[in-house]
Amino acid sequence: MKLLSMDTSTLVMGVAVFDLETRKMLGEMATNLHKNHSVRLMPTIDQFLRDLDLKIDEITHLAVTSGPGSYTGIRIGVTTAKTIAWARRIPLYSESSLAVLAMNGMRFDGLVVPMFDARRHRVYTGAFQFDRGKMDEKFPQQVIAMDRWLEQLANSNQPVLFLGDDVIRFREEIETALGENACFGTPAENIPRPASLAWLAYQKWSQHEPPEHKNFAPNYLQLTEAESNWLKKQRKEGMNG
Amino acid sequence: MKKNSNETLILGIETSCDETSAAVVQNGTKILSNVISSQIDVHRKFGGVVPEVASRRHVERITLIIQKALEDAETCLEEVDAIAVTKGPGLVGALLIGVSAAKALAFATGKPLVPVHHIAGHIYANHLVKPLTFPLVALVVSGGHTELIYMTRHNQFERLGKTRDDAAGEAFDKVARLMKLPYPGGPQIDRLAIQGEPRYQLPRAWLETDSLDFSFSGLKSAVMNLVNKARQRGEEINYTDLACSFQMAVLDVLVEKSIRAVKKTKVKHLLLAGGVSANSSLRIRLTERARQEGIELGIPPLELCTDNAAMIAAAGTYQFLDGKHADLSLNADANFSLVE
């Protein structure tokens, strides 16, 4: 029994294969490039399985990140994964891309804060804490203005590890808000690892959590601009009328 | 259903705009299933298709739609010979869902992957009614396209003319919006036009004498100017008559240029294709004119005029038989060209 994980939620495109019986990570590969996930994901998986001497029918479980991140990237991963799962009749597990990135800080004593730039000075983020490898979501995953987020984190009065390639854009602000409590990941810790995704999915499977359904959809963490504008307009009209 | 060895069974997938569709077509001509999930109700409140909203809906629905297409056809993935998918043109984010799903299916099953041009699909909608007879000319009119295509055999397309600015359907939608008609505007204008008189003088862009190209932006601007001037002067505009005048201006050019293209290429067969071919006046006028000229005209039934995967599977069948397959690096192409 082997689990194939794939992640295209951010610039990182990652795939890994995990053996569910021997609990061994058979392989992992990730790139961190501005290259087209749509073109590369399927050939990469194809080649990766060849490298591992595996055939597609030896893959018994799948895992994918459900977002947040790049809308298009998330959809490529989710569509690919759920279509393979349906065609091969194998279970699919999903995990948040922020939780996968947070795994890089699992030995950190304090809050682990993964983040992706959501533009207009906002971030996709959340705060996690690990207790002997067990992940606890301390602040829910959300899209939030950076200054408001830093205020909340500063109020928690504990060391905070910021993870992700986008963190550098906010480094000064973070240091100003958190002072000595601000910690930063290494370049290796700043990219989400597909092996971590596989491991999180394995835990769901081993704890008998139900896999995703055919109508499984990404979790973008925010409405489209058109939808939120429409809702604003409705509320305004509701107040006026 | 177990199929015969001499049969070709193609699964088609289409997600180029706001319809999520999957279909199974036998031997390129027979529709075994054609499942279409329209998002029209989702986009109506925005007054038009919002690409990000469309992509999100496609991703939710795609697997269910593919499964239903196979179930309705009483077949299964194993029985299918190839997976045909719209590569473009269209909204790139929307196209990517179909392309990603098709690639995943090809990878999971080892079946060939066939990339199909959306316009080729519209032309082949006719093939599902009556097999294409070559040579032929096809008038393709939709929200994104206005083209005259010449074909001498399957899978070969030559462009005789195309729009230099707006597509005919786009002009319909923009004018409808100006007239504050609900989305989608094309059918609304068609409905009004039938009740109106062509009282307003509007231009027809014939372009150069021998040109088979189209142009609708001038017409659209003329309608806008007419409405704005009337508003400034406080004059009442008769929208029913305006719809009639506008539609007549569009159809005059579409019909005349189609006939010119047929005469120029000396073919006997003319096909109508694309979303605007649902326009009732266009169907009537082209039928009438083709009859006068002794041209055999093919018009798809209304349900095959709008975007659907059966037409993609039909066009894909001949590409599959010609060995025109794609590998797993296939990408969506918003500006994919029909003519190589």
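The values are calculated or read from the model by the stated rules, or taken from the named source; none is laboratory data. Since we're looking at a predicted model, the values are computed, not measured. Don't worry about glycine lacking a Cβ; one is built from the backbone with ideal geometry, like all the others, and counts go over all protein chains shown.
Applying the selection to the stretch A:49-62, what residues are surrounded by 21 or more Cβ atoms within 10 Å (Cβ to Cβ) and either modelled with pLDDT under 95 or within 12 Å of another protein chain (Cβ to nearest Cβ) (or both)? The one that is surrounded by 21 or more Cβ atoms within 10 Å (Cβ to Cβ) and either modelled with pLDDT under 95 or within 12 Å of another protein chain (Cβ to nearest Cβ) (or both): A:Leu62. So is B:Asp333 touching a helix residue (DSSP H, G or I) at 6+ places or on another chain (Cβ under 8 Å) and either in a helix (DSSP H, G or I) or within 14 Å of another protein chain (Cβ to nearest Cβ) (or both) or not? Judged against the criteria, B:Asp333 is a match.
For the stretch A:118-140, filtering for residues that are touching a helix residue (DSSP H, G or I) at 6+ places or on another chain (Cβ under 9 Å) and of a type in the set (S, T, N, Q) leaves 1.
Cβ-Cβ below 6 Å, separation at least six or inter-chain, first residue in the stretch B:300-321 and hydroxyl-bearing (Ser, Thr, Tyr), second assigned to a helix (DSSP H, G or I): which pairs? From the stretch B:300-321, the pairs are B:Thr306/B:Gly275. Among residues of the stretch A:195-224 being among the polar types (S, T, N, Q) and farther than 26 Å from A:Glu28 by Cβ, the one that is farthest from the other protein chains (Cβ to nearest Cβ) is A:Gln222. In the set (1) at pLDDT below 95; (2) acidic (Asp, Glu); (3) buried (at least 16 other Cβ atoms within 10 Å of the Cβ), B:Glu60 fails one condition alone, (1). Within the set of pairs 6 or more residues apart or between chains, which connect a residue that is at the interface with another protein chain (Cβ under 9 Å from one of its Cβ atoms) and small (Gly, Ala, Ser) inside the stretch A:33-48 to a residue that is part of a helix (DSSP H, G or I) and surrounded by 23 or more Cβ atoms within 10 Å (Cβ to Cβ) with Cβ atoms less than 7 Å apart? That search, which allows pairs on different chains as well, returns A:Ser38/A:Ile76; A:Ser38/B:Leu96; A:Ser38/B:Val99; A:Ser38/B:Ser100. Looking across B:Arg285, B:Arg289, one residue alone is surrounded by fewer than 21 Cβ atoms within 10 Å (Cβ to Cβ) and either within 14 Å of another protein chain (Cβ to nearest Cβ) or farther than 16 Å from B:Phe172 by Cβ (or both). It is B:Arg289. Restricting attention to the stretch B:232-259 and to residues that are of a type in the set (A, V, I, L, M, F, W, C) and in contact with a strand residue (DSSP E or B) (Cβ under 7 Å, 6 or more places away or on another chain), the residue that is nearest to B:Leu270 (Cα to Cα) turns out to be B:Leu254. Residues of the stretch B:9-38 that are part of a loop (DSSP other than H, G, I, E, B) and either outside the structural domain of B:Thr109 (by TED's automatic domain parsing) or within 16 Å of the chain's Cα centre (by Cα) (or both): B:Thr15, B:Ser16, B:Cys17, B:Asp18. Taking the stretch B:23-45, which residues are more than 18 Å from B:Val116 (Cβ to Cβ), of a type in the set (A, V, I, L, M) and more than 14 Å from chain A (Cβ to nearest Cβ)? The answer is B:Ile40, and nothing else.
Here is a yes/no grid of residues against (1) under 30 Å from B:Leu64 (Cβ atoms); (2) touching a residue at least 12 places away in the same chain (Cβ under 8 Å); (3) in the same structural domain as A:Asn32 (by TED's automatic domain parsing):
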| site | (1), (2), (3) |
| --- | --- |
| A:Asp131 | no, no, no |
| A:Ala145 | no, yes, no |
| A:Glu172 | no, no, no |
| A:Leu200 | yes, yes, yes |
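Here A:Glu227 meets each of (1) buried (at least 17 other Cβ atoms within 10 Å of the Cβ); (2) within 16 Å of A:Ser70 (Cβ to Cβ); (3) within 14 Å of another protein chain (Cβ to nearest Cβ) with one exception, condition (2). So B:Thr146 fits all but one of (1) in contact with a helix residue (DSSP H, G or I) (Cβ under 6 Å, 6 or more places away or on another chain); (2) in the same structural domain as B:Val262 (by TED's automatic domain parsing); (3) free of Cβ contacts under 8 Å to residues at least 60 places away in the same chain; what number is the exception? Every listed condition holds for B:Thr146 apart from (3). Residues that are within 14 Å of another protein chain (Cβ to nearest Cβ) and touching a strand residue (DSSP E or B) at 6+ places or on another chain (Cβ under 7 Å) number at least 1 in the following strands (runs of 3 or more DSSP E) confined to the stretch B:59-159: B:82-88, B:113-117.
Scanning the stretch A:192-241 for residues that are of a type outside the set (Gly, Ala, Ser), closer than 21 Å to A:Lys82 by Cβ and touching a Ser or Thr at 6+ places or on another chain (Cβ under 8 Å) yields a count of 9. None of A:Thr65, A:Thr83 is facing another protein chain (nearest Cβ under 8 Å) and among the β-branched types (Val, Ile, Thr) except A:Thr83.
Within the stretch A:110-117, is even one residue surrounded by 20 or more Cβ atoms within 10 Å (Cβ to Cβ) and over 22 Å from A:Thr8 (Cα atoms)? Yes, that holds for at least one residue. Taking A:Glu173 as the residue in question, decide whether it is within 14 Å of chain B (Cβ to nearest Cβ), among the acidic types (Asp, Glu) and under 22 Å from A:Trp149 (Cα atoms). Answer is no for this residue.
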